[in-house]
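The values are calculated or read from the model by the stated rules, or taken from the named source; none is laboratory data. Owing to the predicted nature of the structure, the values given are computational and were not obtained by experimental measurement. Cβ atoms come from the backbone with ideal geometry, glycine included; neighbour counts cover every protein chain shown.
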Amino acid sequence: MDSIEKEQFLTVKSSFVVEIDKIKGSRFIGRVLPVGSRDEAELELEKVRKSFYDATHNCFAYKVGLGKDEISRYSDDGEPSGTAGKPIFSVIEGSGLTNILVVSTRYFGGTKLGTGGLIKAYTESAKAAIEGCERKVVEIFSNMEFSYHYDDTSLVMSMISRYEAKIIDEKFSDSASVKLRINRAFVEKFKEELFDKSNGKIEAALCF
């Protein structure tokens, strides 16, 4: 639909790991992982912690969802407050990405970096990891269902095509019923138009 912008978000295609140049002897390993929920982010974070159990710090930030549905969290993991987790999260915010976990693992090299040095190091590590990732656009969908008489088949199929919806289930008896996947931004407009053009005979409803 030309007049309605699709609901979609930008995320990463796959995980990516990069180690930046040592900073005063300290190693910083940046890792990006795609995640679909808070539970998945926490699970992947625990895997990284187990893999790098001998690291001095595993600082992280993640963001899942958009707008009112957004869930985010970050941690300095023992570094001075505000020097690691928040800078990593700021890099995520600046990238425009969501559904992403970024972990920056540090192996202490013997020399303290100070507040400014830590912020710069963790920012650089997160940026290097994110910049190395391939990105993809993901649409946000809702499911809808409705029944209709066969006389309205042409109308229904025309609207399904025009709204770029996908049929995920159909049943046929005295009448037809259909379950669709449609971009979330189109839901209300689709329902209204279908109701109007069928003269009130077809009422679509959201479903799971």
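Under the condition of being among the acidic types (Asp, Glu) and outside any loop (DSSP other than H, G, I, E, B), which residue from segment 7-61 is surrounded by the most Cβ atoms within 10 Å (Cβ to Cβ)? First the steps, then the outcome.
Our first condition is that a residue be among the acidic types (Asp, Glu); within segment 7-61, this holds for 7, 19, 21, 39-40, 42, 44, 46, 54.
If we keep only those that are outside any loop (DSSP other than H, G, I, E, B) too, we end up with 19, 39-40, 42, 44, 46.
Working: 19: 15, 39: 10, 40: 16, 42: 14, 44: 19, 46: 11.
Going through the qualifying residues, I end up with 44.
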Candidates 162, 184, filtered to the one that is more than 21 Å from the chain's Cα centre (by Cα) and among the basic types (Lys, Arg): 162
Just the residues that are among the aromatic types (Phe, Trp, Tyr) and in contact with a helix residue (DSSP H, G or I) (Cβ under 8 Å, 6 or more places away or on another chain), please, taken from segment 138-161. 141, 146, 148
Six or more apart or on different chains, Cβ atoms under 9 Å: show the pairs whose first residue is in segment 173-191 and under 14 Å from residue 5 (Cα atoms) and in the same structural domain as residue 161 (by TED's automatic domain parsing) and whose second is basic (Lys, Arg) and in a strand (DSSP E or B). 182/166
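So which of 113, 118, 97, 155 ends up being in contact with a Leu (Cβ under 7 Å, 6 or more places away or on another chain) and modelled with pLDDT of 95 or more? Lay out the reasoning, then the answer.
On the way: 113 fails: in contact with a Leu (Cβ under 7 Å, 6 or more places away or on another chain); 118 fails: in contact with a Leu (Cβ under 7 Å, 6 or more places away or on another chain); 155 fails: in contact with a Leu (Cβ under 7 Å, 6 or more places away or on another chain).
None of the other options fit; the residue is 97.
For segment 169-193, what are the residues that are touching a strand residue (DSSP E or B) at 6+ places or on another chain (Cβ under 7 Å) and surrounded by 13 or more Cβ atoms within 10 Å (Cβ to Cβ)?
Start the filter on segment 169-193 by keeping residues that are touching a strand residue (DSSP E or B) at 6+ places or on another chain (Cβ under 7 Å), which leaves 169-171, 175-184, 187, 190.
Passing the criteria: 176, 177, 178, 179, 180, 181, 182, 183, 184, 187, 190.
Return yes or no: is residue 127 under 30 Å from residue 77 (Cα atoms) and of a type in the set (D, E, K, R)?
Against the criterion (under 30 Å from residue 77 (Cα atoms) and of a type in the set (D, E, K, R)), residue 127 qualifies.
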Subset of segment 143-168, residues touching a residue at least 40 places away in the same chain (Cβ under 8 Å), within 14 Å of residue 206 (Cα to Cα) and in contact with a strand residue (DSSP E or B) (Cβ under 6 Å, 6 or more places away or on another chain), comes to 143, 144, 145, 147
For residues that are among the small types (Gly, Ala, Ser), in a strand (DSSP E or B) and within 30 Å of residue 92 (Cα to Cα), tally how many sit in segment 130-164. 1
Of the conditions (1) crowded, with 19+ Cβ neighbours inside 10 Å; (2) under 18 Å from residue 118 (Cβ atoms), the single one that residue 100 does not satisfy is (2)
When only residues in segment 152-168 that are closer than 27 Å to residue 66 by Cβ and β-branched (Val, Ile, Thr) count, which is surrounded by the most Cβ atoms within 10 Å (Cβ to Cβ)? 160
Apart from one, (1) small (Gly, Ala, Ser); (2) closer than 27 Å to residue 63 by Cα; (3) touching a residue at least 24 places away in the same chain (Cβ under 8 Å) all hold for residue 94; the odd one out is (3)
